[in-house]
Structure formats: structure tokens, C-alpha cells
Amino acid sequence: MMANLPEPETSVSEPDTAAVRRQAGVCLHIASLPGPYGIGEIGAEARSFVDTLSAMQLGVWQFLPTGPTAYGDSPYQPLSTFAGNENLISIGDLLAMGLLTEDEAGELKTLPDHYVDYGQLIPIKKQLLNVAAQRFSAGTDFELRASYADFLAQNDKAWLHDYAIFRILKTRHGERPWPEWQPEYVHRDPAALAELEDREATEIESIKVTQFLFHHQWRMFRSYANGKGISLFGDMPIYIALDSSDAWANREILSVDEDGNIVRIDHFRGFEAYWAVAADSETARVGSWVPGPGDGLFEAIKASLGSLPIVAEDLGVITQEVEDLRDRYELPGMRVLQFDVTDEEFELAGVGENSVCYTGTHDNDTTIGWFHGSPDDIRTEEEIRRAQEAVLAMTGGSAETIHTDLIKAAFSTAARLAIAPMQDYLGLGSEARINTPGTCGGNWRWRLTDSQLTPELCDNIANMVRASGRGPAL
């Protein structure tokens, strides 16, 4: 994973790195937002949460990747590097645009509000988005039609048309990965694709309009956050997924053969060197270290975009060469207190300024769940006990207040940015964990509810932020 804070081509406000202003933030998946339509969305619910962050004095909102998901609903295996997740499109905004009616959207209101039921949500929302796209195509709003034309001019040839074809073919093949499709589609036979384009022209247009609607809503959301002084902290996998339109349409620039076998790079250290494993290998044990793109990639990014508002996920076993690459481009690294606290040599005072300090990440249990252990915990009872002793000694807190104690510890560091998951601010247990690595079901489902965002909670968080000196600049 490589995080991006914020997107360099946008006008979203960035942390004041010149003054090294220390900030505080929250990590919350957009799908986890409250709302009446079965999943968090990028419309009114996202704008309302921006207002809540302002009240909490939190200046940064980190969210998970926003690309379209497939098997397992993981945002880290998107079907496209460029497309938006259509399930995050705001139904409320479509109602306001006259593209849907309240009655049509009513079925979504029957879905659970405290978790995402993807199995029920996806077919309902897909049908609604098709209706909205058809009405958009038949509409006469000149300004929107002009914006759509601009969107096509900028994106259709680059990725959008291939993405639309990919999604249609994936559905036709029972959502299986593209290397398992019929050979003519695996190998992008021109005649077969031309025949498909003619036959599925309406569906292709619908997918393109849906992507425009995501793009349109995203720009409004981003502008709103910018106006409120909230930095949007994106997240993206370091490498594209094999089962993606990007891999299907661009295999000539990838380490992938004509049948779809691919080499995967994981985490920031892959930019310096990555462990390459042959596609037919039974395990990942047999492989070799291959040099990554290194300085060339970051020099190209810097030349194109200027400063690099990027945070590197430098967790795990990191070599000196990786640290040198990170430091040459002054990229902040990550410190995760749930990991660090059991290191006998770790001290809060040793957390560097050029870093982002977390209580835990989307791959961790909540702090409450981590502290007490859970049925799914892979640690031994002795390891859990040692972690409890270490974190209590470090924070000087108690078992009852450990979630706020660890947040305060993160806030106390010199790190330029300190972040806690929303579940930690709320003091929730393992029932609110959003992802358990290595498992395929039950992840990415937890949702926040409006009733949890109380004035008392906002005041308590704001007081912690102010006490740590991480509040917004005056």
C-alpha cells in the first residue's frame, strides 16, 4: 500500500509542511459512513462527516481506496486504477438531480444501517444506477452534458472505454477473473471486441455515465472538504490487481504473459526491490529479489507533479536501502503503536517528525479488541498479556480508558500527523473491526451510525486535539 496525502493535482488543502504543523486525523472507509441507503456514500453523508471533523478539530480524513471492488469486496483489489466505486455514488444526490425518485430508491432503505450487506446492496444499486444513467443520457441539462463530454475527452481513450468493455465481459463470464474468460476475450481479439461494442452500446454508455456521476460527485465532495480546511488522505495499492481492466488492457507494459500470469509487488519496499515468484510456483518460498523502479519512478513523479504528498507504508522488515529511498524523497513513514509497543527499545520520544503515527490501521483490530484479545486473535495469551503490560506502562492509563490513552500517546509524538481509526475514537471492540487479513468473508462491512456521533464525543476529541497542540492553524 502507498498512501497519498492528498491528490497532488487537486486544490485540497495539504498539511503545512513548511511550518511543520502537527495535525490529527481519523481513518474511516467511505463505505463506513452513516446513511439511509445501505452503504456510506460521497454525497450529503460525506459532507456531513467533514462538518463533524471540523467540530472535532481533526484536520485530516484518511480513507481506503475508492476503486470498484469485486471478490471479497476488498478496496485493495480494485477492478480499475482509475474508475470509482459505483456503490459509493450518492443516491441522495441522484434524487436531487432528478435522475431517480424516492419510490425507486426505497428498497435500499430496507438494508441494514450498521453494516454493509454487499450481497443485497450491489444488485439493487446497480439497477438504480442503470436507470439514472439512462435518464441522464436522455436529459437536456446543457451544463452536465458539456461536463460529460469533457470527461469522455479526458478519459475515454485512456482507460474508460476499456473499463466499460471489461465490466461487461466480467459479468458475462460470471464475474470470473479475465484469464478464465473465453480465449477471444482473454487475448482481446479485435473482431470479437468490435462485435461486443456494437451489441452492447447501450450498456457501455451506461457504465461510462455511471463513472461520470462518480467523478462529478467526487469533485463536489472534494471541493467541500477543501472549503472546510479538511485534507483528504487517499490510499492506494502499490500495484494493480491482476483481475482489473488495467491488466487486461495493458499487459504489454506489465510482468504478465498472454494468459494473464503476473508478478505482484507488495508495500513500499517493492519500489526498491521486490520478491518475484514464478506464476507456476506452488508457494512464494521459491523466488528472487528483483530491483524495483527506485529513484526513476519518484523522479518522474516529482518532475510531473512537483512535491510528493505521499506517505510510504514502510512496515515489516525494511532494509537500509528502502529507508534511504524513502528519505531521499522526504517521504513520511508509518509508526503503528499496536506494533511498536511490544518492542522493548521503542519510545514515544523516538517517533520522528517526518512520520505518521497510528494507534492501529485498517488491518489491525480496534485498540479495545487488541488490548483484550479476541477469538480470532493469532497471538498467544502470553503475548496478549505482555502487550497489555507494555501499553499500560507506556501510557500510564487503564484498561477502561486504553483507547483514549493510546490516542493521546499518538498525539503526544513529534509525528507530523497522528491518526486513529474512528472505531478507536468511539472505544469499540472487535465487533467493529473492518478487516482481518488472510480472511475472505465478513470484511469491509462495519458502518458508523449517526447516533454515535454525539456532541459529547466531538467535544472530547476536540479537547484531546487542542491539548496536544494539533489543532487547526489560527
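The values are calculated or read from the model by the stated rules, or taken from the named source; none is laboratory data. Everything quoted here is computed from the prediction, not taken from an experiment. Backbone-built Cβ (ideal geometry, glycine too); neighbour counts: all protein chains shown.
Yes or no: segment 339-353 includes at least one residue that is more than 17 Å from the chain's Cα centre (by Cα), part of a strand (DSSP E or B) and farther than 23 Å from TYR425 by Cβ. There is no residue in segment 339-353 that is more than 17 Å from the chain's Cα centre (by Cα), part of a strand (DSSP E or B) and farther than 23 Å from TYR425 by Cβ. Examine segment 167-185 for a residue that is surrounded by 15 or more Cβ atoms within 10 Å (Cβ to Cβ), over 30 Å from ALA138 (Cβ atoms) and within 24 Å of the chain's Cα centre (by Cα), and state whether such a residue exists. Within segment 167-185, one or more residues are surrounded by 15 or more Cβ atoms within 10 Å (Cβ to Cβ), over 30 Å from ALA138 (Cβ atoms) and within 24 Å of the chain's Cα centre (by Cα). When segment 433-474 is filtered for residues that are of a type in the set (Gly, Ala, Ser) and buried (at least 17 other Cβ atoms within 10 Å of the Cβ), the ones remaining, listed by number, are ALA462, SER468, GLY471. Considering each residue of segment 404-422 in turn, at least one proves to be under 16 Å from HIS372 (Cα atoms) and either free of Cβ contacts under 8 Å to residues at least 40 places away in the same chain or in contact with a Lys or Arg (Cβ under 9 Å, 6 or more places away or on another chain) (or both).
Selection over segment 115-129 of residues that are more than 21 Å from TRP446 (Cβ to Cβ) and surrounded by 16 or more Cβ atoms within 10 Å (Cβ to Cβ) gives a count of 2. Go through segment 99-114 and give me each residue that's surrounded by 15 or more Cβ atoms within 10 Å (Cβ to Cβ) and either in contact with a Ser or Thr (Cβ under 9 Å, 6 or more places away or on another chain) or assigned to a loop (DSSP other than H, G, I, E, B) (or both). Passing the criteria: LEU99, LEU100, LEU111, ASP113. Need pairs with beta-carbon distance below 7 Å; first residue over 18 Å from HIS215 (Cβ atoms) and free of Cβ contacts under 8 Å to residues at least 60 places away in the same chain and within segment 114-136, second in a helix (DSSP H, G or I) and of a type in the set (S, T, N, Q); sequence gap 6+ or separate chains. From segment 114-136, the pairs are ILE122/ASN87.
Looking only at segment 186-207, residues that are outside any loop (DSSP other than H, G, I, E, B) and at positive phi come to 0 in all. Going by what's in this entry, would GLY35 be described as at pLDDT 95 or above, buried (at least 18 other Cβ atoms within 10 Å of the Cβ) and more than 16 Å from GLY469 (Cα to Cα)? Against the criterion (at pLDDT 95 or above, buried (at least 18 other Cβ atoms within 10 Å of the Cβ) and more than 16 Å from GLY469 (Cα to Cα)), GLY35 qualifies.
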